[in-house]
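These notes concern the structure reproduced below.
The values are calculated or read from the model by the stated rules, or taken from the named source; none is laboratory data. This structure is a prediction, so every number in the text was calculated from the model and none was measured. Cβ placement follows ideal geometry from the backbone for every residue including glycine, while neighbour counts extend to all protein chains displayed. With ligands, DNA and RNA removed, areas are computed over all heavy atoms of the protein, side chains included. Shrake-Rupley method; radii C 1.70, N 1.55, O 1.52, S 1.80 Å.
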Amino acid sequence: MEEQGAASLSLRAIARELGMVSSAIYRYFPSRDELLTRLIIDSYDRLGEAVESADAAVRRRSDFPARFRAMTHAIRTWVLDNPADYALLFGTPVPGYAAPTDTIGPASRYTVAMVQLVAEMEAAGHAANDKVPAPLRRDYARFRARFGVTVSDSMLMKGMSAWANVMGAINLELFGHLHNVVDTPGALFEAVIDLQGRQLFMGTAPSRPTSNSA
């Protein structure tokens, strides 16, 4: 898959590499799509685990900016260490392959980690009041129902917008779209994280209780 891409994945070719008859490998994977699904689930789970572990390593749970930085750096590190796996997940779709519902849970782990962060921010008193378009409100309602999270539309939009920018920066770096534009992609990523972090936490400071004493 690293050498030829996911679209060229062939059970017969794998069998030849292993020195076994092609019929034998079908005992383990009935089809190429079954193998792709297993690889996709495994990759999503490892990415999700990397993000969750990075978040859990921040001991001060109320330090939301530190948790955001830890999770986003964990994604980039995982991607640079596993470029073929990332390309399988986020690159050009494999012609003729349709991911089954089995992949939804693993595929959502790294996103749910971010949503849990903004949900905890809101529970701690942070707030956002941005107007959320009606189509997104419907999407967010389905997301909350599916994953059982409690967070407002405006906070969800703020968090997922930051997440989208982070993933975009990683895609540009990994797939070579920064060549002849940025020679230090690590520095660009740091700038993106810094900017998105400020925007995520800007205007969401928890309100302070007022005193009625004279």
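What to note about this one:
- Hits in the stretch 99-124 - residues which are closer than 16 Å to residue 160 by Cβ, open to solvent by 40 Å² or more (accessible area, probe 1.4 Å) and over 16 Å from the mean Cα position of the chain (by Cα): 120, 122
- Of all residues making up the stretch 37-58, the number that are out of contact with any Phe, Trp or Tyr (no Cβ under 6 Å at 6 or more places or on another chain) and open to solvent by less than 60 Å² (accessible area, probe 1.4 Å): 10
- Qualifying residue in the stretch 137-154 (condition: in contact (Cβ under 8 Å) with a residue 60 or more places away in the chain and either farther than 24 Å from residue 52 by Cβ or not hydroxyl-bearing (Ser, Thr, Tyr) (or both)): no
- The number of residues in the stretch 125-143 being open to solvent by 60 Å² or more (accessible area, probe 1.4 Å) and of a type outside the set (Asp, Glu) comes to 7.
- Looking only at residues of the stretch 77-120 that are outside any loop (DSSP other than H, G, I, E, B) and of a type in the set (S, T, N, Q), we find that the one that is nearest to residue 40 (Cα to Cα) is 103.
- Tallying residues that are assigned to a loop (DSSP other than H, G, I, E, B) and among the acidic types (Asp, Glu) within the stretch 1-47 yields 2.
- Counting only residues that are surrounded by 16 or more Cβ atoms within 10 Å (Cβ to Cβ), touching a Ser or Thr at 6+ places or on another chain (Cβ under 9 Å) and more than 14 Å from residue 123 (Cα to Cα), the stretch 144-157 holds 1 of them.
- Within the stretch 167-190, residues that are surrounded by 18 or more Cβ atoms within 10 Å (Cβ to Cβ) have Cβ atoms under 8 Å from residues that are at pLDDT 90 or above and β-branched (Val, Ile, Thr) in these pairs: 169/192; 170/75; 170/79; 174/79; 189/170, counting only partners at least 6 apart in sequence or on another chain.
- Residue check for residue 26: touching an Asp or Glu at 6+ places or on another chain (Cβ under 8 Å), in contact (Cβ under 8 Å) with a residue 12 or more places away in the chain and surrounded by fewer than 18 Cβ atoms within 10 Å (Cβ to Cβ): no
- Qualifying position, being farther than 20 Å from residue 169 by Cα and β-branched (Val, Ile, Thr), among 51, 94: 94
- Cross-chain or 6+ apart pairs with Cβ under 6 Å, the stretch 84-112 first and over 12 Å from residue 38 (Cα atoms), then of a type in the set (Asp, Glu): 84/2; 97/33
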